[in-house]
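Asks: Take this structure first; my questions come after.
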């Protein structure tokens, strides 16, 4: 599916999201895009910002600056440039990256929330199959007491499901945002046309931001508990469109 190609590029996906949703209101404000980190105009940036390579994913290839006056700019440029053009189509056999253009560097606004003690923002990941939302997972307190919980398509908390990080105790799971249905609708619109897509969104005091679209969460190496949940996800994966020889 050639529509996957712009979705794995953190700059090109911005236009994809705008076209799909008919608005750019969900995009994180963009400060700069450069061919490489050496071309970033640091003097024009605010004190806080985020630097990413356009071909990174799952939280990788991200540099968070909370105080520009303390940033070692030379070291920053070297580190960011070392992340570029990793060829994930070869490293982890993620097909969509094979057609990706040469990696660039983007600088975006830093999103933070005073609702969490560590300043992190809750990460809402909508698991969609054929454009239909089936499961939600939420990552919370990523920088301190990282926990991850799962909800079904009716937003019922699944206290017996976990993966990689501790889940929430039943009755202690976070309350879902009042506009969770809008988030679901956004996710389904963005996932339309793909057998599977995980749509990542943020919600800061009711304002929804787009995070990313990923087709290969953790390159397929996530471990779910219980193991039966992995098979439950697989039931929704329809590959009948593939022409078999």
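Asks: Any chance you could count how many residues in the range 1-15 are touching a helix residue (DSSP H, G or I) at 6+ places or on another chain (Cβ under 8 Å) and either touching a residue at least 40 places away in the same chain (Cβ under 8 Å) or crowded, with 18+ Cβ neighbours inside 10 Å (or both)?
Replies: Within the range 1-15, residues that are touching a helix residue (DSSP H, G or I) at 6+ places or on another chain (Cβ under 8 Å) and either touching a residue at least 40 places away in the same chain (Cβ under 8 Å) or crowded, with 18+ Cβ neighbours inside 10 Å (or both) number 9.
Asks: Considering only residues that are free of Cβ contacts under 8 Å to residues at least 60 places away in the same chain and not in a loop (DSSP other than H, G, I, E, B), which ones fall in the range 178-205?
Replies: Initially, the range 178-205 is screened for residues free of Cβ contacts under 8 Å to residues at least 60 places away in the same chain, giving 178-185.
Scanning the range 178-205 gives 180, 181, 182, 183, 184, 185.
Asks: Regarding residue 194, is this residue assigned by TED's automatic domain parsing to the domain that holds residue 234 and either over 29 Å from residue 109 (Cβ atoms) or modelled with pLDDT of 95 or more (or both)?
Replies: Judged against the criteria, residue 194 is not a match.
Asks: Here is a further query. For the range 154-165, which positions are part of a loop (DSSP other than H, G, I, E, B) and surrounded by 15 or more Cβ atoms within 10 Å (Cβ to Cβ)? Explain how you work it out, then say what you get.
Replies: Here is the first cut: in the range 154-165, the residues part of a loop (DSSP other than H, G, I, E, B) are 154-156, 158-161, 164.
Residues satisfying the conditions are 158, 159, 161.
Asks: Does the range 147-169 include one or more residues that are under 25 Å from residue 48 (Cα atoms), touching a strand residue (DSSP E or B) at 6+ places or on another chain (Cβ under 6 Å) and assigned by TED's automatic domain parsing to the domain that holds residue 189?
Replies: no
Asks: Specify which of the listed residues (75, 86, 134) is over 30 Å from residue 176 (Cα atoms), at pLDDT 95 or above and surrounded by fewer than 19 Cβ atoms within 10 Å (Cβ to Cβ).
Replies: 75
Asks: For residue 194, are the conditions met, namely being crowded, with 17+ Cβ neighbours inside 10 Å and farther than 23 Å from residue 113 by Cα? Please lay out each step first, then the result.
Replies: On the way: crowded, with 17+ Cβ neighbours inside 10 Å: yes; farther than 23 Å from residue 113 by Cα: yes.
It is true that residue 194 is crowded, with 17+ Cβ neighbours inside 10 Å and farther than 23 Å from residue 113 by Cα.
Asks: Going by the conditions given, is residue 124 buried (at least 17 other Cβ atoms within 10 Å of the Cβ) and either at pLDDT 85 or above or assigned to a loop (DSSP other than H, G, I, E, B) (or both)?
Replies: Considered against the rule, which asks whether it is buried (at least 17 other Cβ atoms within 10 Å of the Cβ) and either at pLDDT 85 or above or assigned to a loop (DSSP other than H, G, I, E, B) (or both), residue 124 comes out as yes.
Asks: Now for a separate question. Against the condition touching a residue at least 40 places away in the same chain (Cβ under 8 Å), out of contact with any helix residue (DSSP H, G or I) (no Cβ under 7 Å at 6 or more places or on another chain) and in a strand (DSSP E or B), how does residue 237 come out, does it pass? Break it down into steps so the answer makes sense when it comes.
Replies: Working: touching a residue at least 40 places away in the same chain (Cβ under 8 Å): yes; out of contact with any helix residue (DSSP H, G or I) (no Cβ under 7 Å at 6 or more places or on another chain): yes; in a strand (DSSP E or B): no.
Taking the combined requirement at face value, the residue does not satisfy it.
Asks: Does residue 224 satisfy being modelled with pLDDT under 90, over 19 Å from residue 6 (Cβ atoms) and either surrounded by 17 or more Cβ atoms within 10 Å (Cβ to Cβ) or touching a strand residue (DSSP E or B) at 6+ places or on another chain (Cβ under 9 Å) (or both)?
Replies: So residue 224 passes the test.
The values are calculated or read from the model by the stated rules, or taken from the named source; none is laboratory data. From a predicted model like this one, the values you see are computed outputs, not experimental measurements. No Cβ is skipped: glycine too gets one built from the backbone with ideal geometry, and neighbour counts run over all protein chains shown.
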